[in-house]
Amino acid sequence: LLMFILIAPIISLQNVELAGGNKESLEKLISPKDKLQIYVNEDNTVWVKDQEINLIQLERLLELAKQQHPTMRLQLFQDRRSQFGVYQKVKSLAQQAGFDTIDVILKPV
């Protein structure tokens with residue numbers, strides 16, 4: 001956690017587009033060969049594969065991903081200006097879905 005706090009200010013995120021929230025659109029966000037990448041922007045919005053999703057959709061997405069690909073790993077790209085509570089919520093949802101770890105990815109600006 002200390003490393004996250006120290007290194008988080010150098011995170012850089014990409015711009016992404018909005019998406020729908022039905023099951024079919026959530027399934028398109030899951031690819032068996034990829035890690036599931038979750039982005040939290042400075043405005044506390046959550047994005048997966050260039051699509052904005054809310055926390056309810058994220059919960060369903062994580063459950064679906066764990067069911068379909070039990071060995072899939074999660075990668076979290078957290079903007080340093082976002083609220084820590086959003087990180088905690090994403091982490092909690094991942095744990096509830098059955099994921100043991102989340103890779104927090106930090107990139108230099």
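What ratio of Cα Rg to 2.2 N^0.38 Å holds for the range 52-91?
Numbers: Rg = 11.3 Å, N = 40, 2.2 N^0.38 = 8.9 Å.
Normalised by 2.2 N^0.38 Å, the Cα Rg of the range 52-91 equals 1.27.
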Counting C-alpha atoms alone, how compact is the range 32-109: give Rg to one decimal and Dmax as a whole number, in angstrom.
11.7, 35
Using a 7 Å offset from the Cα along the Cα-to-Cβ direction at both residue 103 and residue 88, what is the distance between the two label points in nm, to one decimal?
2.7 nm
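If we sort 56-67, 91-102 on the protection proxy, mean other Cβ atoms within 10 Å, highest first, what's the order? Show your work: numbers first, answer last.
Numbers: 56-67: 18.5, 91-102: 14.8.
In descending order of packing, they fall as 56-67, 91-102.
Could you work out how much longer the chain between residue 64 and residue 52 gets when fully extended? Use 0.36 nm per residue separation minus the Cα distance between them, nm to one decimal.
Working: separation 12, 0.36 × 12 = 4.32 nm, distance 1.71 nm.
Length difference between fully extended and current span is 2.6 nm.
Show me the ranking of peptides 78-88, 44-54 by mean Cβ neighbours inside 10 Å, starting with the highest.
Details: 78-88: 16.0, 44-54: 17.7.
Going by the mean number of other Cβ atoms within 10 Å, highest first, we get 44-54, 78-88.
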Using 1/(1 + (r/R0)^6) with R0 = 22 angstrom and r between the beta carbons of residue 96 and residue 43, what's the FRET efficiency to the nearest 0.05?
0.35
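Taking K and R as +1 and D and E as -1, what net charge do the other residues with C-beta under 10 Å from the C-beta of residue 46 add up to?
On the way: positive: 89; negative: 52.
For residues surrounding residue 46, the net value is 0.
Given the Cα-Cα distance of residue 35 and residue 71 and 0.36 nm per residue of separation, how much length would full extension add, in nm? Kindly include the intermediate steps, with their values, before the conclusion.
Numbers: separation 36, 0.36 × 36 = 12.96 nm, distance 0.95 nm.
Taking residue 35 through residue 71 to full extension adds about 12.0 nm, to one decimal.
No lab work stands behind these numbers, since they all come straight from the coordinates. All values reported here derive from a predicted model rather than from experimental measurement. Cβ coordinates were reconstructed from backbone atoms using ideal geometry, including for glycine residues, and neighbour counts include every protein chain displayed.
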